[in-house]
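The values are calculated or read from the model by the stated rules, or taken from the named source; none is laboratory data. Since we're looking at a predicted model, the values are computed, not measured. All Cβ positions, glycine included, derive from the backbone under ideal geometry; neighbour counts span all protein chains shown. Each accessible area value is taken on the protein alone, full model and side chains, heavy atoms only, with ligands, DNA and RNA left out. Shrake-Rupley method; radii C 1.70, N 1.55, O 1.52, S 1.80 Å.
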Amino acid sequence: MTQVTERASAAAARPGVGLIDLDVHNALTSAAELKKYLPSRWHRAYDEGSGIGSARWMQFGAARLGVFRGDAWPASGPPGSDLDLMREQLLDRYNVSRAVLHPVLETMSVSLDGDVGLAYAAAFNDWMADRWLDRDPRFLGGITVPIEDGERAAKEIDRVAADHRFAKIVLTVATREPLGAPRYWPILEAAERNGLPITLHVGGYGSATPSGAGWASFHVEAHTNWALPYAAQVVSLVASGAFDRFPNVQIILEEGSLGWMPALMWRMDRAHQVLGDRMAELSNVPSEIVRKHFWMTTQPLDEPPVRGQLVEMFDMLDMSDRFLFSSDYPHHDFDAPDRVLPASLVGQEFRAKVMGGNAATLIARALGGSASA
Amino acid sequence: MPDEPVRIDADVHAPRPSVTDLTPHLEPHWPEYLKWTGFRPKAGERLYPEWTGLSTGTASEAANASFRATLDTQVFDRCALAVVSTYFGVESVLHPYLAPDLASAVNRWLATEYLDTDDRLRGSAMVAPQFADSAAAEVARVATDSRFVQIQVPARSMEPYGNHRYWDLWEAVSSHDLTVGITYGGSVTIPGNAINWMDTFFEQYSAGTQPFATHITSLVLNGVFERWPNLRFAFVDTGWTWLPGLLWRLDKEWKEGRQEVPWVRRPPSEYVAEHMRFTTTPTDAPTDPRHLQLILRQLPCADMLMYSSDLPRAGGSGIEAITAGLTVEEQDRVLGGNAAQLYRLTRERVPS
Amino acid sequence: MVNVVVGPVSDFPLGTMRQVTAQNRKLAIFHSATGFHALRDSCPHMGAALSGGTLVGSVEAPQPGCYEHHPEQEFIRCPWHGWEYELATGRSWFDPQHNRVANYETSVVPSGELPALADVRSTLVEGPFTAESFSVFVEDDYVVVQL
């Protein structure tokens, strides 16, 4: 662990910021709740076509526990919809100082483009502020956008970013095209303009195939494969030169796990070396681009057979200022902050950075904003 | 020196045959059809474009002679045996009778052109996995020629290889006690990464391990190794340093979701350790050599790797960085013992 | 080792999965088809309460697709990550040697025999079932856990 702790920068380890959870999911009490925030002209489309449960919604089938923690169901409504239960099971139990919320199952099953997609995204964001951010200062929000419509997504980012309690822009990782494609540039541009990181979260049904070779037979198989779209997006974003075009863009790989990243860095660097001047448009080697522009949340934390291998991996990644704790409450693969990354394994300083110090740097604007909320 | 350990090169690539090369090996109705349709094996260039300098090139008398000469100077200077393959993109052919026949013709060509002319070569026979019943028939055919030690399928496929559509093929491979080689790349109608088509070679190559990872997960979780305990897979030309990270995730997921696949009775990494091997070229290596040794020790067992030159591409450079941290016994296994075991290359089958 | 009375049997009808605190320990009490079982109510993985999990039979498969369901081999599946522990032993399915939760002997004792148990007076006070209520249910049988 010495290598990691020695590299720790004093600036990133801020005592007193408390525990920051980058990945928490709130939920609508019912599909109808969104209509309170949705102009009436879209209600019929929401009910009968492009709303929750539309053709875009792919059933998980045999997902374990319906993807939720078995003990996270409130008396009524789905997990994540009851503020008091979330306080009890997450904020109060683990003394979480800030939890960054975004609804996930609902937002990825509605239209993701056009005026209707923009209307849904705006409704989610207004619901977020009204039903969640206004009711507990520990909550911060993720901005929902019509992912597949760059111009309208940028418009919504500009509208919502004025509220500093929104700490990140949320994209599901499985987009229709790799994120380096020009159709997504307005989102990157808006993120940079507003000083907000973009998070890529598990989900989305845009991709042509959810793995490297077709469709899985089992949920346990498909769930393992969720690491793959993250790696593909890193490759695309690096290769596209997006970070030369938008040098201040920061990307959070949220819920992607970590173990695949070291070898991907090495592979990209080798490919870059082999191709030489054909990659001249990049201003840096791929691994350094990753270390300058990507952050990784910890859940679902890799569980190597020898625990020390986790430390070896962190050492190889060499980006200890860029790991962010996340629990993924209320989902079934929740990581408990008092159990993962114990100081006895990773060292006190490293743990302090991951559990809050690094996030405090990344979302500093939102932390200032929420204090006055 | 009767106990001198055998040295084996697990992956050399012969130039790709043309349709003309295959004509003598095709059923008589095909050459006219191929000429009439203007068919050409389009897929080869997509693996490694010529401009990358990584392409194996197309066969010709000169190319074949050059390849043989390189074998002498870069392979058989250190190895007693080499597993030779070629590529034709049969997985891209949607015609259910043409694709298997093309595969069979390529295998006949490979036997005639290379196995017949050099007894130090062992063959990797391609099949069209999208038509598993025909592929199984081709397995039975090449199994009568003991020089073929491997059945070769491309990493890129329409479904993960644990899927039931391939089970006729695995049944045949198992019954003939052959090894399956999953090789880099391929040409099918879905992209080889988990998002969508990528435009540049850098992207395709960087994401090129994704089909392999998909297959490992699929083969184990679908219970292929419970169904066929003697089935073995070589992961060829894909790198191996990404394997520990995949297995951490896969073992974790199994602990959490194994009820869905109760036939998987042990941690997935154990099946991988027993049934899969990886070639050493390419190695996506960290800049810090200490990290490479750590990654080696993170593999599920010490015998995961088989030396390969990947001729004519990388020339086997970098093997010293791998073997530097291994014991002498481990080195012997990486340089030949593991391949001998996987391919059932007993000493009697090694030419003197 | 002490015997703790966790309550009258009537408080634990068939199908009960409930947390009780005894001797400062959180216990998960199960009343399943095979009787009463007690495990430490904390998954060694992330600390979830196993009493909030799912009670399942064992499903084995000697071959892909050949399911064998053994309802009498009961497992509690953790409500978070789904790790499974055998009710009868506390051993996990995936690594029974190294990953397990504490498992406690349980018995059902008629009220008339309770005074014969060693330490019953003190454990009655420390257990969830207090001396006061004990006197109310003298006609009942009681669930006793050996800690």
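Observations
- For region C:20-60, residues that are in contact with a helix residue (DSSP H, G or I) (Cβ under 7 Å, 6 or more places away or on another chain), open to solvent by 30 Å² or more (accessible area, probe 1.4 Å) and closer than 21 Å to B:Gln259 by Cα total 1.
- Qualifying residue in region A:270-287 (condition: more than 26 Å from A:Pro186 (Cβ to Cβ), buried (at least 18 other Cβ atoms within 10 Å of the Cβ), within 8 Å of another protein chain (Cβ to nearest Cβ) and modelled with pLDDT of 95 or more): no
- Every condition in (1) closer than 17 Å to A:Arg270 by Cβ; (2) surrounded by fewer than 22 Cβ atoms within 10 Å (Cβ to Cβ); (3) under 16 Å from the mean Cα position of the chain (by Cα) holds for B:Met304 except the one numbered (1).
- Scan of region B:257-282 for residues that are open to solvent by less than 30 Å² (accessible area, probe 1.4 Å) and either at pLDDT below 95 or assigned to a strand (DSSP E or B) (or both), ordered by number: B:Gly257, B:Arg258, B:Met276, B:Arg277, B:Phe278, B:Thr279, B:Thr281, B:Pro282
- Region A:154-190, residues that are closer than 12 Å to A:Gly142 by Cβ and not in a loop (DSSP other than H, G, I, E, B): A:Ile157, A:Val160, A:Phe166, A:Ala167, A:Lys168, A:Ile169, A:Val170, A:Leu171, A:Thr172
- Subset of region C:61-75 (residues that are open to solvent by less than 40 Å² (accessible area, probe 1.4 Å) and closer than 15 Å to C:Glu86 by Cα): C:Glu74, C:Phe75
- Identity of the residue in region A:174-187, away from chain B (no Cβ under 11 Å) and open to solvent by less than 10 Å² (accessible area, probe 1.4 Å), that ends up farthest from B:Thr214 (Cα to Cα): A:Ile187
- Note on region C:1-114: enclosed strands (runs of 3 or more DSSP E) holding 1 or more residues that are of a type in the set (Lys, Arg) and more than 14 Å from chain A (Cβ to nearest Cβ) are C:25-32, C:35-40.
- Condition met for A:Leu301 (outside any helix (DSSP H, G or I) and touching a residue at least 40 places away in the same chain (Cβ under 8 Å)): yes
- Residue match in region B:155-171 (condition: part of a strand (DSSP E or B), away from chain A (no Cβ under 14 Å) and either under 23 Å from B:Asn338 (Cα atoms) or touching a residue at least 24 places away in the same chain (Cβ under 8 Å) (or both)): no
- Any hit, region A:46-53, residues being at pLDDT 80 or above, in a loop (DSSP other than H, G, I, E, B) and of a type in the set (A, V, I, L, M): no
- Any hit, region B:232-240, residues being of a type outside the set (Ser, Thr, Tyr), buried (at least 24 other Cβ atoms within 10 Å of the Cβ) and either facing chain A (nearest Cβ under 7 Å) or in a helix (DSSP H, G or I) (or both): no
- Conditions (1) in a loop (DSSP other than H, G, I, E, B); (2) within 20 Å of the chain's Cα centre (by Cα); (3) not charged (D, E, K, R); number of the one not met by B:Val83: (1)
- Some residue of region A:113-121 being within 19 Å of the chain's Cα centre (by Cα), in a helix (DSSP H, G or I) and on the phi < 0 side of the Ramachandran plot: yes
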